[in-house]
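**Q** Can you read through this structure? Questions will come right after.
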Amino acid sequence: MEPSLLEALRVAARVTILTGAGVSAESGVPTFRDRQIGLWERFDAAELATPQAYARDPALVWGWYEWRRAAVLRAQPNLAHRSIAALASKMPAVTLITQNVDDLHERAGSSGLLHLHGRLMRPYCQQCGQPYALCGDVPEIPEGGQRIDPPRCATCGGRVRPGVVWFGEPLPAEEWRSAVLAAQRCDAFFAIGTSAVVQPAASLIGLARRAGAVTVQINPDATAADGVVDYHLQGKAGVILPALLHAWHEILIS
Ligand code: APR
């Protein structure tokens with residue numbers, strides 16, 4: 001770990017973390033850049049995650065989200081999720097922003113997350129907005145996938161939709177406003193497990209840098225943020241984060 005980075009972290013009072021699908025990859029949850037399988041093989045994720053796709057073929061899209069929900073329910077938080085939760089328990093001012101729609105950060109002990117792209121476990125009625133209570137069982141979906149007719153709202157009979165933000169839809173205003181403030185006010189900003197291609201979430205990295213934060217990327221691969229960040233810790237989040245926390249703890253107690 002570079003001494004200059006550790007020195008910057010030693011004096012950091014406020015830390016903001018932006019996570020992407022790569023943080024859940026080591027839990028076995030596919031990222032967006034992973035190829036789709038089975039029924040959805042011929043689609044790019046971005047083609048399914050749109051209001052138009054849902055209007056055109058609700059059963060295909062609802063089946064895809066149920067397949068993803070089943071994968072999340074079967075998954076466990078990994079060392080990356082747990083390291084992030086541990087950091088927040090040790091430092092007072094850590095803001096966690098995620099692009100992920102799974103609940104693995106929460107199941108690892110993180111709270112107060114800013115979910116910029118919604119939450120898989122929080123579907124709601126497309127007509128009246130009423131939240132829809134999912135049953136806790138893991139949906140039994142065949143390996144190759146399955147079309148599933150979306151449920152109907154108990155209040156108005158409208159069609160239920162996934163609780164995620166689709167391409168072309170606005171981000172939740174309060175979460176976005178808080179995320180911008182957290183990027184502008186932090187001393188250290190981490191972008192972990194994100195390809196940094198989807199806006200406006202990815203713009204938070206440059207915003208933090210321009211506001212004077214030290215910016216750190218944790219990713220095994222190159223990303224669209226390579227030219228923006230101060231440090232790129234190349235590797236898996238579940239490997240790098242425990243080592244970083246250990247080194248950080250050492251200097252905090254030294
Ligand atoms: N540790 C850290 N990073 C990893 C790991 C890992 N173990 N495995 C993969 N990655 C990295 C990949 O190199 C990639 O850069 O995670 C990133 C995942 O990128 P995407 O699949 O594009 O996911 P994300 O950046 O979260 O996508 C943003 O796009 O499709 C929309 O709304 C969707 O929230 C999603 C958004």
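Values quoted throughout were computed directly from the atomic coordinates according to the rules given, and no laboratory measurement underlies them. The model shown is predicted, which means the values in this text are computed figures rather than measured ones. Reconstructed Cβ throughout: ideal geometry from the backbone, glycine too, with neighbour counts over all protein chains shown.
**Q** Show me 169-179, 208-218 ranked by packing, highest mean number of other Cβ atoms within 10 Å first.
**A** Descending packing order for the listed peptides: 208-218, 169-179.
**Q** How high is the relative contact order of the range 166-254? Use alpha-carbon pairs under 8 Å, at least six apart in sequence, and give a whole percent.
**A** Worked out over the range 166-254, it gives 23 percent.
**Q** How high is the relative contact order of the range 113-237? Use alpha-carbon pairs under 8 Å, at least six apart in sequence, and give a whole percent.
**A** Once normalised by length, the contact order is 21 percent.
**Q** Here is a follow-up. If you average the sequence gap of Cα pairs under 8 Å that are 6 or more apart and divide by the length of the chain, what percent do you get for the contact order?
**A** Worked out over the chain, it gives 25 percent.
**Q** Continuing with this model, one more query. So what are the radius of gyration and Dmax for the Cα set of the chain, in Å?
**A** That works out to 18.8, 61 Å for Rg and Dmax.
**Q** Can you give the extra length, in nm with one decimal, that the chain gains between Glu47 and Arg177 once fully stretched, where that is 0.36 nm per residue apart less the Cα-Cα distance?
**A** 44.1 nm
**Q** Continuing with this model, one more query. For the chain, set up a Gaussian network in which alpha carbons nearer than 10 Å are linked by springs, and say which option among Gly235, Gly28, Gly144 fluctuates the most.
**A** Answer for the Gaussian network model of the chain: Gly144.
**Q** Go ahead and estimate [θ] at 222 nm for the chain from helices alone: -39,500 (n - 2.57) per DSSP H run with n ≥ 4, summed, over the residue count, rounded to 500.
**A** Taken over the chain, the calculation gives -10500 deg cm²/dmol.
**Q** Sticking with this structure for a sec: Using only Cα atoms and rounding to the nearest 10 degrees, what angle (0 to 90) does helix 79-90 make with the longest principal axis of the chain?
**A** Taking the Cα atoms of the chain, the angle to 79-90 is about 60 degrees.
**Q** Listed highest first by mean packing, meaning other Cβ atoms within 10 Å per residue, what order do 87-97, 38-48 come in?
**A** Packing proxy ranking, top to bottom: 87-97, 38-48.
**Q** Can you give the local net charge around Ala213? Use residues other than it whose beta-carbon is closer than 12 angstrom to its beta-carbon, Lys and Arg +1, Asp and Glu -1.
**A** Around Ala213, the surrounding residues sum to +2.
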